[in-house]
Amino acid sequence: YRLFAAASAKKIFYPPSVTLERGFDMVFWGTGDRTDACNPVSSDKIYVVKDQHLLTTLNDADLEDVTVPVPDMTMDQGFYLNLANGEKVLAEGVVFYKTYYVTTFIPNITDPCVPGGTGTMYALDYLTGKAKIDFDEDGTLDRTVSLGGGIPSKPVMIIPPHGSPKILITIGTTNPDINSEETNAGILVLSPLVPSRNYFHLWWRIIR
């Protein structure tokens with residue numbers, strides 16, 4: 001059966017992410033035309049849809065619009081977030097510790113014929129779309145963090161045997177700090193939201 005039919009057809013170039021919940025699944029994806037990445041007037045979205053495995057097809061009207069954050073929103077059939085004009089999802093996303101990470105690209109609006117544009121990563125609560133991480137450490141949670149120039153890769157989650165998990169993203173040019181003139185291409189290393197401990201007791205046995 002068809003899970004979802006958007007109000008206006010948009011291209012999806014990459015497979016969705018899925019989490020398995022009790023009694024339903026959550027399906028995550030973003031729209032964006034990879035063959036026309038520098039289109040400055042596209043209108044794309046990030047979608048998160050609740051799949052209850054019913055023989056019904058959902059559409060935009062069944063979801064919450066969380067483009068402007070709604071603090072008291074309760075999840076119904078899912079939500080969507082309208083991206084900025086020209087902004088599009090051009091890579092897979094990933095869900096880690098109840099947070100959906102996905103990158104977007106917005107071309108140079110002033111002159112779309114000139115190479116360039118900027119990448120952004122979204123970090124959204126996987127059930128509500130709320131902000132989850134204080135990227136700039138100003139005491140306020142942020143939905144997004146600027147990545148640099150060019151089309152960013154998908155977020156690649158690295159979980160080492162020792163140390164904290166990291167997200168790796170390849171970009172075209174870096175965002176230099178105030179004391180640096182370095183703007184070369186490279187790999188950004190970001191810190192995802194992580195649990196306070198990395199193991200959980202599933203069962204135990206008392207031996208006497």
(Q) Quick check on region 88-96. Is at least one of its residues more than 27 Å from K166 (Cβ to Cβ) and not β-branched (V, I, T)? (A) no
Q | strands (runs of 3 or more DSSP E) (entirely within region 10-56) containing at least 3 residues that are under 28 Å from I109 (Cα atoms) and in contact (Cβ under 8 Å) with a residue 12 or more places away in the chain | A | 25-30, 45-51
Q) Is one or more of the residues making up region 136-143 at pLDDT below 95, at positive phi and open to solvent by 40 Å² or more (accessible area, probe 1.4 Å)? A) yes
Q: For region 16-38, state whether one or more residues are acidic (D, E) and modelled with pLDDT under 90.
A: no
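Results for (1) buried (at least 19 other Cβ atoms within 10 Å of the Cβ); (2) more than 19 Å from the chain's Cα centre (by Cα); (3) closer than 25 Å to P192 by Cα, shown as yes or no for each residue.
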| position | (1), (2), (3) |
| --- | --- |
| A7 | no, yes, no |
| V18 | no, no, yes |
| T31 | yes, no, yes |
| R34 | no, no, no |
| A37 | no, no, no |
| D76 | no, yes, no |
| A91 | yes, no, yes |
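The rows are residues; the columns are (1) assigned to a strand (DSSP E or B); (2) open to solvent by 50 Å² or more (accessible area, probe 1.4 Å); (3) modelled with pLDDT under 95; (4) at negative phi.
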{"position": "V95", "(1), (2), (3), (4)": "yes, no, no, yes"}
{"position": "I109", "(1), (2), (3), (4)": "no, yes, yes, yes"}
{"position": "T120", "(1), (2), (3), (4)": "yes, no, no, yes"}
{"position": "G148", "(1), (2), (3), (4)": "yes, no, yes, no"}
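The values are calculated or read from the model by the stated rules, or taken from the named source; none is laboratory data. Everything numeric here is computed off the predicted structure, so don't read it as measured data. Neighbour counts are summed over all protein chains in view; Cβ atoms, including those assigned to glycine, are modelled from backbone coordinates with ideal geometry. SASA here: full protein model, heavy atoms, side chains in, ligands and nucleic acids out. Shrake-Rupley method; radii C 1.70, N 1.55, O 1.52, S 1.80 Å.
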